[in-house]
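The values are calculated or read from the model by the stated rules, or taken from the named source; none is laboratory data. Keep in mind that this is a model prediction, so the values were computed, not measured. Note that we place each Cβ from the backbone using ideal geometry, even for glycine, and neighbour counts take in every protein chain shown.
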Amino acid sequence: MSTNCFETSSHERVRTIADLQFGRGVGAALFPDEVGFTRSTTGRVRNIMLGNERLATVRAQDGRLTLGPAGARRLHAVLSPPSYRVVILDEVEEFVAAGKNAMARHVVQADGQIRAGDEVLIVASGDRFVATGTAILSGDEMTACMYGVAVNVRSGRE
């Protein structure tokens with residue numbers, strides 16, 4: 001198999017994963033034609049790169065995407081609120097932006113479609129991007145609970 005064919009199928013594969021995970025059309029916006037890939041020792045796509053920036057990683061255990069800071073910013077620009085967003089209090093914005101977990105008591109609003117385990121965007125008022133991470137609670141639970149971690153933050157804004 002030629003390298004071009006292999007790269008084309010990799011592009012299609014990661015775009016399809018993004019469409020399934022975040023909604024139709026997101027894959028093409030998140031991963032432009034110029035993206036490159038790093039591969040595992042078995043040859044599977046591991047990281048999706050745009051230049052020197054990691055947009056996303058394909059998790060080996062379930063095939064879902066985890067976003068890097070650059071990928072999270074791109075997703076934030078593509079998805080309109082409230083999709084995959086967790087809105088936090090402005091007072092804790094810098095704390096979470098530094099990579100600390102978002103606690104349930106600090107969540108003001110969350111997309112009701114979020115399920116535990118989903119990759120989410122954390123924003124402050126005015127839809128200011130703060131961080132990205134994995135939801136520990138569903139969107140409804142985030143707004144109902146007053147204690148515990150709502151989102152395990154992977155990376156804050158740079």
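Computed quantities for the displayed model
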{"quantity": "Selection from the range 14-43 of residues that are within 17 Å of Gly63 (Cβ to Cβ), free of Cβ contacts under 8 Å to residues at least 40 places away in the same chain and touching a strand residue (DSSP E or B) at 6+ places or on another chain (Cβ under 7 Å)", "calculated": "Phe31, Phe37, Thr38, Arg39, Ser40"}
{"quantity": "Top-ranked residue in the range 57-91 [being among the basic types (Lys, Arg) and in a helix (DSSP H, G or I); ranked as farthest from Val35 (Cα to Cα)]", "calculated": "Arg73"}
{"quantity": "Residues that are under 25 Å from Ile17 (Cβ atoms) and among the acidic types (Asp, Glu), drawn from the range 128-158", "calculated": "Glu158"}
{"quantity": "Members of the range 30-52 that are part of a loop (DSSP other than H, G, I, E, B) and among the charged types (D, E, K, R)", "calculated": "Asp33, Glu34, Arg44"}
{"quantity": "Selected residue [in contact (Cβ under 8 Å) with a residue 40 or more places away in the chain and in contact with a Phe, Trp or Tyr (Cβ under 9 Å, 6 or more places away or on another chain)] from Leu50, Leu79", "calculated": "Leu79"}
{"quantity": "Any hit, the range 50-72, residues being closer than 20 Å to Thr16 by Cα, crowded, with 16+ Cβ neighbours inside 10 Å and more than 15 Å from the chain's Cα centre (by Cα)", "calculated": "yes"}
{"quantity": "Unmet requirement for Ser10, which otherwise passes all of (1) surrounded by 14 or more Cβ atoms within 10 Å (Cβ to Cβ); (2) closer than 23 Å to Val123 by Cα", "calculated": "(2)"}
{"quantity": "Given (1) surrounded by 14 or more Cβ atoms within 10 Å (Cβ to Cβ); (2) within 14 Å of the chain's Cα centre (by Cα), number of the condition Ala77 does not satisfy", "calculated": "(1)"}
{"quantity": "Residue in the range 103-126 that is part of a loop (DSSP other than H, G, I, E, B), more than 15 Å from Gln21 (Cβ to Cβ), outside the structural domain of Asp19 (by TED's automatic domain parsing) and not aromatic (Phe, Trp, Tyr) present", "calculated": "yes"}
